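Engineer: I am attaching a structure below and will ask some questions about it afterwards.
What follows is calculated from the coordinates using simple rules that are stated; it is not laboratory data. From a predicted model like this one, the values you see are computed outputs, not experimental measurements. Here the Cβ positions follow ideal geometry from the backbone for every residue, glycine too, while neighbour counts run over all protein chains shown.
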Amino acid sequence: MIHHFLLLNKHKNLSLKRRLDYKRNLFITVMLIIFSIIPFLLLFVMLSKEDIKIFSAFLLPVLLVLDLTLRFVLKRNTSAAIVPYLTLPIPNRALILYIIFSDLSNFWIWGCGLIYGTILYYCDVLTFLTAIILLLFILLNNYFVAFIKALIDNYAILVYPFCLGFILVLLFIFDFLSPVTVISIIAFSLLLFVVALFFTLKENLYKELSRIAL
């Protein structure tokens, strides 16, 4: 399994660098990062210390809703990543698992966590438990959106209000629960969507193989 993962990772990195729009996509990514941070920087410059303390109480939900929205807009359908690897002598299970867990090495996981964590630290609301919950929510947002897009592709944006409602409900009920219960609920939800994504990608892989065979 590890050998297959290393082979797929090497193939993925080479294919990205060989693309004609590699530098353009890199530039767009940097610009998105910069323009995502600018509104918060302006906000902190314009607000007084007292206003920042009031705003910081709502900062974590705001960041997580923004994160979910950006992923709905920017994240590509994970099923599209299957097609380039179908000709490689790699088991289907290893291919699907690689596609799922390769997200963990992307900037949109650890980079967003770092940016959001820095903002929370600046507002003096970052604790160990907040950092754990923040990271779990970022992972949940990522795999939640990946599952929805793999399931209904171009129609995913139509269910955005329901997905947003699900995240808001989770954020709301956490005020009444202990940190351990909160972390357990997020971790269970994350696991649920990873499993759902696995079986959805598996079904999409079989459909793609049938299409090629025809």
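Engineer: Could you work out how far apart the two model spin labels at Ile109 and Val65 are, taking each label as a point 7 Å from the Cα in the direction of the beta carbon, and quote it in nm?
Structural biologist: It works out to 2.7 nm between the two label points.
Engineer: To the nearest 0.05, what FRET efficiency results for Leu88 and Phe162 with a Förster distance of 35 Å applied to their C-beta separation?
Structural biologist: Calculated transfer efficiency: 0.45.
Engineer: Once you have the Cα-Cα distance between Leu74 and Ile185, take 0.36 nm times their residue separation minus that, and quote the gain in nm to one decimal.
Structural biologist: The Leu74-Ile185 span can extend by a further 37.3 nm.
Engineer: Would you mind computing, in nm to one decimal, how far apart the modelled labels at Glu203 and Leu47 are, each placed 7 Å from Cα along Cα→Cβ?
Structural biologist: Modelled inter-label distance: 4.2 nm.
Engineer: Related question: What is the spin-label model distance, in nm, from Tyr155 to Leu129 if the labels are put 7 Å beyond Cα along the C-beta direction?
Structural biologist: 4.2
Engineer: Exposure proxy check: Glu208, Glu50 ranked by fewest other beta carbons within 10 Å?
Structural biologist: Ranked by crowding around the Cβ, least crowded first: Glu50, Glu208.
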